[in-house]
Amino acid sequence: MCLRADGKGRVLMENPNWPLWNVTIHTPRLTMRIVRERDALALVELAGKGIHDPADMPFEDPWTDLPSPEFEQSMLQFFWRCAANLSAQSWRLPFAVYRGEDIVGLQDVSADDYPVRRCVNTGSWLGQSYQGLGLGKEMRAGVLNFAFESLGADRAESCAFEENHASIGITVGLGYEPNGEAVTNRRNTPARDLKYAMSASGWSHSAAKEMNVSVSGVDDAVRRQMGLA
Ligand SMILES: CC(C)(COP(=O)(O)OP(=O)(O)OC[C@H]1O[C@@H](n2cnc3c(N)ncnc32)[C@H](O)[C@@H]1OP(=O)(O)O)[C@@H](O)C(=O)NCCC(=O)NCCS
């Protein structure tokens, strides 16, 4: 274990045994780091205050429908599974998103067979009181920068139910192209899921690339952990 300072002079503990913990993404207003235990507990508390109107379901996996305490426990298990199942063949990196000292939400980026396919998927949520402020766009721009610039992605994909105007607004606003649709069983009702994709050439013209984003901590140890070196 060794110490280093982040951009704001705070001392961070670097752990060579889990290199991904050293990755930090800064956007103009946000700091993003892979979820650790204290972040997981804070995210459970934030999510418990509400992510969406209970009448709606923006997620394909309806995890927010679970009653307490299964809701809280399944969230913790999700974070532990992300770490436990990480491999070159399949990974899902959950980034805790902070605005100053406040945890505001989660942005994840995932891939299957990444060393060959070079394609990532993203998913996200913000606590309700942090929605509608443009933070969702910054979070997505942050992980897109990480994927395309730090990991050499060729493609990013995203999907959202047709009525999720904020999610689709981010996707389209950042320059993804339409990529088909699917019908999903949502609470036993068919729901139209719109798919979008951004190529590496789309990334080079994306508004996300213009945003002031910096990524630190991606080194050979991180690439090895992800099966890239
Ligand atoms: C989806 C989510 C992450 C978006 O983050 P956000 O910070 O609230 O969204 P933003 O404020 O950045 O808005 C995104 C864009 O959509 C646009 N938008 C938002 N609501 C809209 C609406 N009803 N109609 C049209 N456009 C809309 C915004 O104007 C913005 O576009 P702009 O940057 O060009 O102005 C957030 O709302 C959330 O957590 N929702 C609940 C969980 C969820 O839906 N997760 C995603 C599942 S796919």
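The values are calculated or read from the model by the stated rules, or taken from the named source; none is laboratory data. This one's a predicted model, so the numbers in the text were calculated from it and none came from an experiment. Virtual Cβ from ideal backbone geometry, glycine too; neighbours counted across all protein chains shown. Surface accessibility is based on the protein's heavy atoms, side chains included, excluding ligands, DNA and RNA. Shrake-Rupley method; radii C 1.70, N 1.55, O 1.52, S 1.80 Å.
Tabulated data for the structure shown
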| quantity | calculated |
| --- | --- |
| Single residue of 166, 208 found to be in contact with a helix residue (DSSP H, G or I) (Cβ under 6 Å, 6 or more places away or on another chain) and within 15 Å of the ligand (Cβ to nearest atom) | 208 |
| The stretch 57-92, residues that are under 22 Å from residue 190 (Cα atoms) and touching a strand residue (DSSP E or B) at 6+ places or on another chain (Cβ under 9 Å) | 57, 58, 59, 60, 62, 64 |
| Any hit, the stretch 197-206, residues being among the hydrophobic types (A, V, I, L, M, F, W, C), touching an Asp or Glu at 6+ places or on another chain (Cβ under 9 Å) and in a helix (DSSP H, G or I) | yes |
| Check on residue 212, at negative phi, at pLDDT 95 or above, touching a strand residue (DSSP E or B) at 6+ places or on another chain (Cβ under 7 Å) and polar (S, T, N, Q) | no |
| Failed item, numbered, when residue 36 is tested on (1) away from the ligand (no atom under 16 Å from the Cβ); (2) open to solvent by 80 Å² or more (accessible area, probe 1.4 Å) | (2) |
| So residue 212, is it without any contact (Cβ under 8 Å) to a residue 24 or more places away in the chain and surrounded by fewer than 17 Cβ atoms within 10 Å (Cβ to Cβ) | no |
| Filter pass, residue 181 being at pLDDT below 95 and among the charged types (D, E, K, R) | no |
| From the options 186, 192, residue that is buried (at least 16 other Cβ atoms within 10 Å of the Cβ), among the basic types (Lys, Arg) and within 25 Å of residue 57 (Cβ to Cβ) | 186 |
| Residue ID - nearest to the ligand (Cβ to nearest atom), chosen from residues in the stretch 169-180 that are surrounded by 21 or more Cβ atoms within 10 Å (Cβ to Cβ) and either in a helix (DSSP H, G or I) or basic (Lys, Arg) (or both) | 170 |
